[in-house]
């Protein structure tokens, strides 16, 4: 517990204070800072416990955290498959993410969680200097569209058996999640357009891989 607290305090000291939001909503970096402070008081955290305190921003924050985890090659499969759950719930227009109990209650070491958040917050603080609410879009329609693209990108991040193939889909999901939670319609539109390109490239890679496998089978 003491180690977790010392690590969390050191991480918080390295994070630049987030900019104030004139619309009254806390910046994403501040929300993550609060989760970091919460983890400092516990030996472990759970997905259910984290989601319970995020309210209407739960989808965006959960996807953002999972996308950061998915950037790691050894964790991309697990994180990618986990992202499918909130993605399909967004497509079904659920108001908040819900995980099965065996996933929601599974403990995750606070120190590892703090390490992930501490690496992400400084970059988010910088991005928040240019990200702001603009180009408002219908919440329900946006949620479904975001869910579709996140589901497709998550499959590529988790299942395409090519080294570093997880990086581009995971990073794209991170940008989509940040734009969604910050209600930046301009960035969200650009991110979804880029996601469409990534999906097209991914489908092309899968198609060529299948053709190559079929050629090999015919040759043998």
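Does at least one position in segment 37-48 carry a residue that is surrounded by 22 or more Cβ atoms within 10 Å (Cβ to Cβ), touching a helix residue (DSSP H, G or I) at 6+ places or on another chain (Cβ under 9 Å) and either modelled with pLDDT of 80 or more or over 17 Å from residue 149 (Cα atoms) (or both)? Taking every residue of segment 37-48 in turn, at least one turns out to be surrounded by 22 or more Cβ atoms within 10 Å (Cβ to Cβ), touching a helix residue (DSSP H, G or I) at 6+ places or on another chain (Cβ under 9 Å) and either modelled with pLDDT of 80 or more or over 17 Å from residue 149 (Cα atoms) (or both). Scanning segment 22-34 for residues that are surrounded by 15 or more Cβ atoms within 10 Å (Cβ to Cβ) and modelled with pLDDT under 75 turns up 25, 27. A count restricted to segment 207-217 and to residues that are at pLDDT 70 or above and surrounded by 10 or more Cβ atoms within 10 Å (Cβ to Cβ) stands at 3.
In this structure, is residue 152 within 17 Å of residue 48 (Cβ to Cβ), in contact with a helix residue (DSSP H, G or I) (Cβ under 7 Å, 6 or more places away or on another chain) and modelled with pLDDT of 85 or more? Considered against the rule, which asks whether it is within 17 Å of residue 48 (Cβ to Cβ), in contact with a helix residue (DSSP H, G or I) (Cβ under 7 Å, 6 or more places away or on another chain) and modelled with pLDDT of 85 or more, residue 152 comes out as no. Inspect all residues belonging to segment 76-89 and state whether any of them is without any contact (Cβ under 8 Å) to a residue 60 or more places away in the chain, within 15 Å of the chain's Cα centre (by Cα), more than 27 Å from residue 45 (Cα to Cα) and assigned to a helix (DSSP H, G or I). Taking every residue of segment 76-89 in turn, none turns out to be without any contact (Cβ under 8 Å) to a residue 60 or more places away in the chain, within 15 Å of the chain's Cα centre (by Cα), more than 27 Å from residue 45 (Cα to Cα) and assigned to a helix (DSSP H, G or I).
Taken together, the residues in segment 101-115 that are touching a helix residue (DSSP H, G or I) at 6+ places or on another chain (Cβ under 8 Å) and under 15 Å from residue 79 (Cα atoms) amount to 5. Note on segment 49-68: among residues that are modelled with pLDDT under 80 and not in a loop (DSSP other than H, G, I, E, B), the one that is nearest to residue 85 (Cα to Cα) is 51. Here is the figure for segment 116-130: residues that are crowded, with 16+ Cβ neighbours inside 10 Å and farther than 16 Å from residue 78 by Cα total 8.
Residues that are exposed (fewer than 15 other Cβ atoms within 10 Å of the Cβ), part of a helix (DSSP H, G or I), modelled with pLDDT under 75 and within 16 Å of the chain's Cα centre (by Cα) are absent from segment 12-19. The single condition from (1) closer than 19 Å to residue 91 by Cβ; (2) modelled with pLDDT under 85; (3) buried (at least 18 other Cβ atoms within 10 Å of the Cβ); (4) more than 16 Å from the chain's Cα centre (by Cα) that residue 141 fails is (3). Whether a residue is in contact (Cβ under 8 Å) with a residue 40 or more places away in the chain, surrounded by fewer than 18 Cβ atoms within 10 Å (Cβ to Cβ) and either over 15 Å from residue 181 (Cβ atoms) or in contact with a strand residue (DSSP E or B) (Cβ under 7 Å, 6 or more places away or on another chain) (or both) was assessed, and residue 112 does not pass this test.
The values are calculated or read from the model by the stated rules, or taken from the named source; none is laboratory data. Treat the numbers as computed from the prediction; the structure is a model and nothing was measured. Counting neighbours? That spans all protein chains shown, and the Cβs are built from the backbone with ideal geometry, glycine included.
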